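What follows draws every value from the coordinates through simple rules; no lab data is involved. All values reported here derive from a predicted model rather than from experimental measurement. Reconstructed Cβ throughout: ideal geometry from the backbone, glycine too, with neighbour counts over all protein chains shown.
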Amino acid sequence: MIAPEKTYWDVVRGQFAKNRIAVWSLRLLAALFLLAIVAPVLCSSSPFYISLAENHPVAVEMRQAGHHVPRFPWFRDLFDHNRYPSGVDLFFNLLLAALLPGLVLWRVARGRRRLAFGAFGLLLIAVFVAMVLPGLPLNYSRPKIDYLGIRVPELDVLRADVKLPSIRRRHEEAQAAVARADARLAIADLPANERANAEANQLAAADTAENAERVIRKWEARRAAAAAMAEDPKFAYWMILPPIGYHHKDGDEERAVEDPTTAGGWGDWHLLGTDRNGRDVFALLLYGTRVSLTIGIVGVSIYCTIGTILGSLMGYFGRSVDMLGMRLVEIMMCFPQFVFILILVAVFNTQSIFLIMAAIGIIGWTGAARLIRGQFLSERGLDYVFAAHALGIPRRRIVFKHILPNAIHPIFVTATFGVASAILMESSLAFLGLGDPEVPSWGQVLLQGRETKEWWLIHSPGFAIFFTVTILNLVGEGLRDALDPKLRQ
Amino acid sequence: MRSYVLKRLLLMIPTLFGVSVVVWLVLTAAPEPPVTQQIPTSAESGMTQAGGVPDAVKVFRAQYGLDKPKMWNNYYALTTEQVRQALEDASDLDRSRALGTRTRAQERLIEWGEYAVPALVAIESDTKGALRDRANGWLVRAAKRVAVGQSGGRVSPERARRNAEIARENGVLDLYLWSPSASEAQKAAAAEAIETWYDGARADYDGRADASAVRAALERDARADLERLGAGAVPALVALATGDDPLADRAVEWVARLGRLPVEGDEAQRERAELRNATLGALVWKASEPETTKRGGADALRTWWEGARARWDYSGMRWLRVLLLETQFATYWGNLLRFDLGESRVHRVPVFTLVLERLKYSLTLSVTSILLAYLISVPLGILSARIHGSHAERGTSLFLFALYSLPSFYVATLAIRYLARDQPGSLEWIPEGRFEDLSAWRLPSWEWIRNIAWHIAAPIACLTYGSFAALSRYAKTGVLHVIRSDYVRTARAKGLGEFAVTVKHAARNGIIPVITLLGGILPAVVGGSFIIEVIFSIPGFGMLTIESIHAQDYTVIVGVELVVAVLTMVGILLSDLLYAVVDPRISYS
């Protein structure tokens, strides 16, 4: 027996590890994935724990309907189709549910990776069967508890506290304007036109002031009512919330387009402000990460599969197969990818992220196909292929079992860059208003930023896209350098 | 080299064809635009219920070229049995079929269209009962042709004549329908038919009734009076029916009633009377006696069929014509050859004109951007090769890499937000978008160009910076590749300066491969320009496409796609040819 040599992938890993930037990018990428998985832990309106007063209206209503208020609603809501209608979210929640047991398994089965993988797979299936499947039938109906509704007294106080300062400022400004106009009118020899101007200003400002006063009174009354309600033992509740107690769908119209703030404390933070519908931008971005990563990875997987198969066939058989395949590649290359995807999405006229994934997958394969074809062209003349032929091994086996493993590695570089550009395409589509409006997306938030001109709505999604694309590209760079045969030792 | 260029040019032909096929596939994948939105109201078009399908659908399908099969048309080989089966399924007289079967059969009959006419005529003549009624309905619907080319208002005299002919034939066809609701064309055709009939039957009516008396009776709708006048009133009634008179409808009914001959006498006389009465019934659009009407209609239909049969004669090579040319694909290709991409539903102009109009904006952006990218990044690449390995070089490439990862629509949004004129708290360096000022065309040409340059500087910057990384990297590796070769060392050895060695000797050879990158950069720039145009409100292809997407103007969307693809193809071709010119060693493989 020969002593086990370093495998090809060991060499690659060694090369990759030398590139510090790439290694850190990979870690950041892993962190991003983790963040996407644990999104509900950070942003959700379902509390981890809740306890309501005995005669709280919600509790009473639930009891009358024959249900009880759950104590630990957060975990149950992970697989609630009312709260997470998208399959992407369900998948990530499944991963989240299996995360801790998976880690434990990993520690226990140390070294025996296959066992760990198998056990983790079984775990995923178990959670799927137990939690997700029962919800899948369409007639699914579970009483939906409005946790934000339970928090109404507190939220109303908060809303008033957020709203009142700006209205008071407006009121003061209007009063100052009235005073200025009064001062101007007091000048005896004011020209007639300026006098008219000042009078008009005075009237307008007085009107504004009056309006503002009315709004202030309204909000103060509302605040007082809410405060009284919070005191009322009937409405008493106690809950442990995630730090941002809002799901990405929970919009509060009265707090639309609001600056980033930590007002209200734990559970009521809007770390990155709110959007035009009063939804929390941080939650939108966090859940958007899930969508972006999924679209990137699924779309790229589709086109890498297509490209690998077509490229292998083209490179191996050559001649007419190659000729035909290359014509097809040439034809597809005439269509700028983004334009083609845009048009496919437009023509099918259904705004779904799955359509976007499919479009990316169907259109993007040309690069992968050319790459694999080139690899095959150089591999097929090598001795081991001749040897395989001489042994009478069937062609299918030679192509996919003998040559392909030697030819496939550059595709990982293409795939990594591809995920970055797929994410860009998805956010571009959403930015143009062609994404799925039901699904949170970075581009969609940026579009709002473009329209409202508010800095947090421009920079937070912009930076999220930039960050993700950069780390993906850096990983791709590192991978390319590591795979480059010139550096092989 | 010459053979390479020639091969490259020849290969363009299948590629072009392939591009058109792909665009066509997208076009056919598009769901039919919602019919209800598009068709005019029934009052305008004279919608006719026949076989349960409004004719407006047929007009609509013809207009969008959807009334033919997609790729192959083998309906010339439709058998009577197939059609009968579909007809039975579609009419479902014994109410035993599922809804799906019924709808599918109806759709199939619509799809077959006029190709089912011979089979329907056969069915109609040898079937009895309700199925025959259905066959009749479908037959009339299928045999009618659609007068096309009327929406644009530019109809040639020849086309107009053919349209008139089609309208007349359709009117006649409607007469054979058992119970058509009257449309103007039908009434005209009916009047004409009555005239013809009266020419032949004049001898039987002596016209002793006074015309004004008849008119008065009709006006009062005095049944008894008219009955009393009897056959004598027929000439006056015919005059009323064929004239442009409000009483025409009623007059026709009375012609049909009073013009009947008594069925008596010998065999020949009876037969003649029966036939005459039946024909009369067929001429009237409000059939009062269905059975005889049907017989008369069938008779008349047969006459029509004898005359029109040539349309459905697939002997000789005609079937091949049908198979290949009477398809959606052939229609589409025929239109393409005439540079006809259809008409925009929103703008009401031919798509080709619209695209040409917008071409200048997109072309300016893309071409300038690519030129700039090359002009900046190639020197940068050469410089990087010179200082290869230094901190400055590494810093530059990292910076370019960051630029490459920076999404252009984010940067463009930032530019508009913080640099454009009308934004709160911005630096006001650039205009608020657009390609030029609205009144720019009035400026002298130099000023005008400056105005445009000022407007498109920011969009072009956003479009260009992404290509720097790849291009300069390519240039750098190219130069590094040759800088160690013998001839460069020789150049250095004979005492040439560093500049001459790097730029004149190494770089000129080293940067050749950069040209090949154009094929990759061009589509990226074109794609990028779509979104940049929208952000900076430049009315190029991108804006046009997005506007059309929101207006569901599919012809424009697909037209733009085709033009963009062809332009990209030409760009790639040019870059390949350029490469062959610069490096003649290349051969096609």
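Report the full-extension gain for the segment residue A:65 to residue A:168: residue separation times 0.36 nm, less the Cα-Cα distance, to one decimal in nm.
Net length gain for the segment: 32.6 nm.
If amide H atoms are built 1.01 Å from N in the plane of the peptide, which residues on other chains or at least 5 residues away come under 5 Å of the amide H of residue B:92?
The answer is none.
With the Cα gyration tensor of the stretch A:355-487 in hand, give its eigenvalues times 5 under a square root as the equivalent ellipsoid semi-axes, listed largest first in whole angstrom.
After scaling each eigenvalue by five and taking roots: 42, 17, 8 Å.
Per the Kirkwood definition applied to all pairs of different Cα atoms, how many angstroms is the hydrodynamic radius of the stretch A:80-132?
11.7
Pairs A:163/A:453; A:6/A:401; A:18/A:401; B:360/B:504; B:70/B:360; A:163/A:249: which exceed 27 Å Cα-Cα?
Beyond 27 Å between Cα atoms: A:18/A:401; B:360/B:504; B:70/B:360.
Could you work out the local net charge near residue A:352, counting Lys and Arg as +1, Asp and Glu as -1, over the other residues with Cβ closer than 15 Å to its Cβ?
-4
Under a 5 Å amide H to amide H cut-off, with H placed in plane at 1.01 Å, what residues pair with residue B:430 once short-range neighbours are removed?
Under 5 Å from the amide H of residue B:430: B:420, B:421.
Note the angle between two axes, namely the Cα long axis of helix A:113-127 and the longest principal axis of the Cα atoms of chain A, as a number of degrees from 0 to 90, rounded to the nearest 10.
That helix lies at roughly 40 degrees to the long axis.
Determine ³J(HN,Hα), in whole Hz, for all residues of the stretch B:546-560 in sequence, where each value follows from phi through the Karplus function 6.51 cos²θ - 1.76 cosθ + 1.60 and θ = phi - 60°; x replaces Gly and Pro.
After applying 6.51 cos²θ - 1.76 cosθ + 1.60, I find 5, 4, 5, 5, 5, 9, 6, 9, 5, 4, 5, 4, 5, x, 4 Hz.
Could you pull the Cα extents of the stretch A:1-53 along its three principal axes, largest to smallest, in whole Å?
73, 32, 10
Express the relative contact order of chain A as a whole percentage, based on alpha carbon pairs under 8 Å and six or more residues apart in sequence.
Over chain A, the number comes to 19 percent.
Tell me the label-point distance for the pair residue A:377, residue A:231, using the 7 Å Cα-to-Cβ offset, in nm and rounded to one decimal.
Inter-label distance under the simple model: 8.4 nm.
Identify, among A:400, A:270, A:458, the residue whose Cα sits farthest towards the positive end of the charge dipole of chain A, taking +1 on the Cβ of Lys and Arg and -1 on the Cβ of Asp and Glu, with the dipole about the Cα centre.
A:400
Jot down the radius of gyration and Dmax of the stretch A:262-388, Cα atoms only, both in angstrom.
21.8, 73
For the stretch B:359-506, list log₁₀ I(q)/I(0) at each q in 0.12, 0.13, 0.17, 0.20 Å⁻¹, using the Debye formula over Cα point scatterers of equal strength and ignoring solvent, two decimals each.
Debye output, listed in q order: -0.67, -0.74, -0.98, -1.16.
With Cβ to Cβ distances under 11 Å as the rule, what net charge do the other residues near residue B:97 carry (K, R +1; D, E -1)?
-1
Need one number for chain A: average projected area of the convex hull over its C-alpha atoms, nm².
So the Cα hull casts an average projection of 35.0 nm².
Restricting things to alpha carbons, find the Rg to Rh ratio for the stretch A:1-118 using the Kirkwood radius for Rh.
1.20
Rounded to a whole number, what is D in µm²/s for the stretch A:192-231 from Stokes-Einstein with the Kirkwood radius over alpha-carbon pairs (10 °C, 1.306 mPa s)?
Translational D for this selection: 130 µm²/s.
To the nearest 500 deg cm²/dmol, what mean residue ellipticity at 222 nm is calculated for chain A from DSSP H runs of n ≥ 4 alone, each contributing -39,500 (n - 2.57), summed and divided by the residues?
Value at 222 nm, helices only, nearest 500: -22000 deg cm²/dmol.
Search the structure for amide H atoms under 5 Å from the amide H of residue B:343, placed 1.01 Å from N in the peptide plane, and list their residues when 5 or more places away or on another chain.
B:351
Rounded to the nearest 0.05, what FRET efficiency is calculated for residue A:23 and residue B:388 with R0 set to 30 Å and r the Cβ-Cβ distance?
In this case the efficiency is close to 0.80.
Between residue A:324 and residue B:360, what is the label-point separation in nm under the 7 Å Cα-to-beta-carbon projection?
Simple spin-label model gives 4.6 nm for this pair.
What list of ³J(HN,Hα) couplings, whole Hz, do you get for the stretch A:363-369 from phi and the Karplus terms 6.51, -1.76, 1.60, once you set θ to phi - 60° and write x for glycine and proline?
Result, ordered by residue: 8, x, 6, 4, x, 4, 5 Hz.
For residue B:494 and residue B:103, compute 0.36 nm times the residue count separating them, minus their Cα-Cα distance, and round to one decimal in nm.
132.1 nm
Largest first and to the nearest Å, give the Cα extent of the stretch B:420-525 along each principal axis.
60, 29, 29
For labels at residue B:219 and residue B:1 in the simple 7 Å Cα→Cβ model, what's the distance in nm?
The answer from the label model is 9.5 nm.
Hey, for a label at residue A:197 modelled as a point 7 Å past Cα toward Cβ, could you say which residues of the stretch A:169-183 have their backbone N under 15 Å away?
Of the residues in the stretch A:169-183, A:180-183 have backbone N under 15 Å from the label point off residue A:197.
Does anyone have the angle between helix A:442-452 and the longest principal axis of chain A? Alpha-carbon axes, 0 to 90°, nearest 10?
Taking Cα atoms only, the helix is inclined about 30 degrees.
Around residue B:14, under 14 Å between beta carbons, what's the net of Lys plus Arg minus Asp minus Glu among the other residues?
+2
Pop out the ³J(HN,Hα) list for the stretch A:24-32 in order, Karplus 6.51 cos²θ - 1.76 cosθ + 1.60 with θ = phi - 60°, rounded to Hz; leave Gly and Pro as x.
Coupling constants for the stretch A:24-32: 5, 4, 4, 5, 4, 4, 4, 4, 4 Hz.
Kirkwood hydrodynamic radius (Cα pairs, Å) of the stretch A:367-425?
Evaluated over the stretch A:367-425, this radius sits at 12.7 Å.
Taking the alpha-carbon set of the stretch B:503-550, what are its Rg and Dmax in Å?
Spelled out, the Cα radius of gyration and Dmax of the stretch B:503-550 are 16.9, 54 Å.
If the chain between residue B:239 and residue B:82 were fully stretched, how many nm would it gain, using 0.36 nm times the residue separation less the Cα-Cα distance?
Working it through step by step, the gained length comes to 51.9 nm.
Can you figure out the FRET efficiency of residue B:314 with residue A:301, using R₀ = 56 Å and their beta-carbon distance, to the nearest 0.05?
0.65
Check each of the chymotrypsin sites (Phe, Trp or Tyr not before Pro) in the stretch B:393-467 and keep only those in coil by DSSP with at most 14 other C-beta atoms within 10 angstrom; list them in order.
B:429
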